[in-house]
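Data block below; observations after.
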Amino acid sequence: MDGITARRKAKVAAHEAIKKQADVTGEREAYQLHGVARRKTVLEVQEAGTEMITRKANVLLDAEVLESTLGMLKCDDCNGSVKVLVKPVCVDTVVSVTCVDCNKIVLEIKPKLMNVNKTEKEEDIYENNLSLVLTLASRDVSYREFFDAAESMKIGGLSYKSWLRHLRYIHNALLKKCVVMFLKARSAVQMIYGEIGRHPDTDGILNIDVSYESAWLDQGPERYYGVGVVIELYTGIVLDWEFVSSYCHECKEKKEDKVQGSYDEWKRSHERNCNMNYKGDSDGREEAVVQRMCSRSVERYQVRYVVFITERDSNACDKIMQMNNGQGPYGAKHAVVKEESISHLRKELGAALYKVRDQMIKMKCPELTKEVIGNIQSHCEMSVRLNLGKSRKDMKRAIFSSYLHCTAVDDTPDRHQFCPQGPDSLCFWQKARARNQTPPPHREANMFTNFFDLTDEIKDKITHIYARLADDDFLIHCRLVNTLTSSKTLLGWVWHRCGRERYRRLEMLQFATALTCLEWNMGYTEGGLHKELGLKYTPHTARMKEVMERSRVTRYQ
C-alpha cells in the first residue's frame, strides 16, 4: 500500500508541476489538455440551467385511501355523489371523479404524456414511468428485477412489452443525442488539428491520431463479448465505439430443439434481433471491431485513424495494419502506424527491473523491493510527463535524470543536478535545496540505496535498461502521451454499468456503452438523456450531478 500511495503522490505532484509550467510558458505542448474540461470546451457543452430543474414532488398513496377520500366530493351542479376511478400505471396514476347522476367530470388527473405524437395503436408513455425506466436501464437493472421491486411496493409494474416499448423510446432519444455529439466532435477535431497545423488533404479527409483500447469477457470458446473504443489523442473525445457479441441465447435454444423448415423461417425473422453480431473466431475479433470503426470514420467525421496509440502486448494493432492484404483499413496510400503510450515505457522499465531483482535475490541482495521498483517507475514516468511535447533530446535527458536520481546515495548528491529544480520539484533533494532545507537521507526517501554495493555486472544491466529506454529505436515508436489511462478508465465505466455477471441482450450492452461514452464526452448532466426525453431533475439531483461533475473534472483533468 505504501508503494501505491507513493505513486499517487508522485502523480499528483507531477500533474501540478505540469500545470504550473503550462501557465508560465503558455505552450500547448507543455500540457496536453485532454481532460474533462478540455473536452467540454471544444464540444461547446452548455451547462444545464434552471429550465432543467423542477420542484415538483411525487408521493405514493394507498389507492383505497385515495378513493375513499375523493369519494367524499360532491357534484357542483346537482350535489350528487361521485364515482371515483383510480387507475395505477406503474408509478403514474390516472384519476377520474365522475358524478353518478349527471355524468359530469368533477375531477380528472392525468400524468404528463411524453409521446404526444404517438399513433392510435401506440401505448401512452408517461413522465414518471419513463424517468424510472431510464434510471433503471442506465444502471443495468433487468426487467425481472424491476418487476420484483414493483411487486414488493404493490404499485404494479409494466408488462414486458411495455417495458421494451419504453426502452425503445429511450434508445431513439439516445441515437439522436449521438448524432448531435458526432457533429460537435467533427467540428472540434477539425479545429484542434487546424491549431497544430494539420489540415485535410485534397479529398477533404483529415488524418488524425487516436488511442485504441478494448476489453473482452470470455465465457467459453465460442461465447464472448467485448467493446472497443477509439479516443482522439489531443482532446480525449471518444469518437467511436463498437460492442460485439458471439453468442445469442435464443439461437442456442432454438437449435437444440429445431425442425428444419420452421427453424429456417424463424431464423430469417430473428436475424434483425439476433444478439450475435460477430461469427468469426476469437483471433479475428479485434480486427473486426477496428474495421467497423474505421469504415465509419470518413463518413462520420471526414477523418482517417492513421496513428493508433496502444500499450497492449497483443497483436491487435498488427492485425489492424495487415487488413486488406497488408494495405491497412484505408488502403496502401494511407498506412496505419502503431505507436506506444507513456505507460508502455513504465511497463518496460518495471519488467526489466523485476528480472534484475530475481538475480539480486539469488545474490542475497533483496533491497530492490516491489515498493522501490514502483517508486523508480513512478519517478521515470513523471519525469517524462514533465517533458511531454518537447524534443527527443529532452525525453532522453528526462529518462537519464531519473536513472541518476534513483541511484543516488548520500555520498553522491551531484547525481541530482539534472533533476527539475524549484520548491515543487519531484526530486526531494532539489526541493529541499530550493526551500533552504537540509535534504533527508536517501534511505528515508526510499531510493535504490544499495546500487553502488552491487556487482559491476548487475550495475551494467540496470544502466543498460535506461539506455534502451532512451534509445532512438524505442522512442521513435513511443508517442509519450497520457491517453491509455483514460481509455482504461472509460472501459471500466462501461463494464461497471453493464456488468459481467449475467447474460444481456446486445441492445442493452450497446445502450450502456453509448450512454457511458456520452457522459465521458459531455458530462453527467449534458451527457444524459433527460433533456432529449423532456424530463427534469429535482433540486437535490441537480446538486448531486453538479458535485459528481466537479469531482470528475478535478480527478481526470
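The values are calculated or read from the model by the stated rules, or taken from the named source; none is laboratory data. This is a predicted model, so every value here is computed, not measured. So basically every Cβ, Gly included, is an ideal-geometry build from the backbone, and we count neighbours across all protein chains shown.
Numerical summary
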quantity: Subset of region 374-396 [under 25 Å from R357 (Cα atoms) and either without any contact (Cβ under 8 Å) to a residue 60 or more places away in the chain or under 28 Å from the mean Cα position of the chain (by Cα) (or both)]; calculated: G374, N375, Q377, S378, H379, C380, E381, M382, S383, V384
quantity: Test: residue in region 164-177 that is without any contact (Cβ under 8 Å) to a residue 24 or more places away in the chain, assigned to a loop (DSSP other than H, G, I, E, B) and either more than 17 Å from the chain's Cα centre (by Cα) or exposed (fewer than 13 other Cβ atoms within 10 Å of the Cβ) (or both); calculated: no
quantity: Qualifying residue in region 87-105 (condition: in a loop (DSSP other than H, G, I, E, B) and under 19 Å from G534 (Cβ atoms)); calculated: yes
quantity: Extreme residue, nearest to the chain's Cα centre (by Cα), among residues of region 527-557 that are among the polar types (S, T, N, Q) and within 23 Å of A185 (Cα to Cα); calculated: Q557
quantity: From the options V141, V210, V189, residue that is closer than 20 Å to R497 by Cα and either among the hydrophobic types (A, V, I, L, M, F, W, C) or in contact (Cβ under 8 Å) with a residue 40 or more places away in the chain (or both); calculated: V141
quantity: Residue within region 105-118 that is out of contact with any strand residue (DSSP E or B) (no Cβ under 7 Å at 6 or more places or on another chain), farther than 29 Å from K56 by Cα and surrounded by fewer than 17 Cβ atoms within 10 Å (Cβ to Cβ) present; calculated: no
quantity: Residues satisfying the stated conditions in region 518-543, i.e. β-branched (V, I, T) and part of a loop (DSSP other than H, G, I, E, B); calculated: T525, T538
quantity: Within region 237-305, helices (runs of 4 or more DSSP H) holding 2 or more residues that are among the polar types (S, T, N, Q); calculated: 260-270, 285-301
quantity: Residue within region 66-73 that is of a type in the set (S, T, Y) and under 33 Å from the mean Cα position of the chain (by Cα) present; calculated: no
quantity: Every residue from region 42-70 that is surrounded by fewer than 11 Cβ atoms within 10 Å (Cβ to Cβ) and of a type in the set (S, T, Y); calculated: T50
quantity: Count of region 414-424 residues which are surrounded by fewer than 14 Cβ atoms within 10 Å (Cβ to Cβ) and assigned to a helix (DSSP H, G or I); calculated: 1
quantity: Condition met for H496 (over 12 Å from the mean Cα position of the chain (by Cα) and without any contact (Cβ under 8 Å) to a residue 12 or more places away in the chain); calculated: no
quantity: Filtered residue count, region 286-305, keeping only those that are touching a residue at least 40 places away in the same chain (Cβ under 8 Å) and surrounded by fewer than 19 Cβ atoms within 10 Å (Cβ to Cβ); calculated: 6
quantity: Subset tally (residues that are among the β-branched types (V, I, T) and either farther than 29 Å from T516 by Cα or in contact (Cβ under 8 Å) with a residue 60 or more places away in the chain (or both)) for region 98-138; calculated: 6
quantity: Restricting region 149-160 to residues that are in a helix (DSSP H, G or I) and more than 31 Å from the chain's Cα centre (by Cα), the residue that is surrounded by the fewest Cβ atoms within 10 Å (Cβ to Cβ); calculated: S152
quantity: Residue check for T202: in a loop (DSSP other than H, G, I, E, B), surrounded by 20 or more Cβ atoms within 10 Å (Cβ to Cβ), assigned by TED's automatic domain parsing to the domain that holds P329 and among the polar types (S, T, N, Q); calculated: no
quantity: Residue within region 246-268 that is closer than 30 Å to A37 by Cα and modelled with pLDDT of 85 or more present; calculated: no
quantity: Every residue from region 179-195 that is within 18 Å of V210 (Cβ to Cβ) and either not in a helix (DSSP H, G or I) or not charged (D, E, K, R) (or both); calculated: M181, F182, A185, S187, A188, V189, Q190, M191, I192, Y193, G194
quantity: Residue in region 207-223 that is modelled with pLDDT of 90 or more and either in the same structural domain as R292 (by TED's automatic domain parsing) or exposed (fewer than 12 other Cβ atoms within 10 Å of the Cβ) (or both) present; calculated: yes
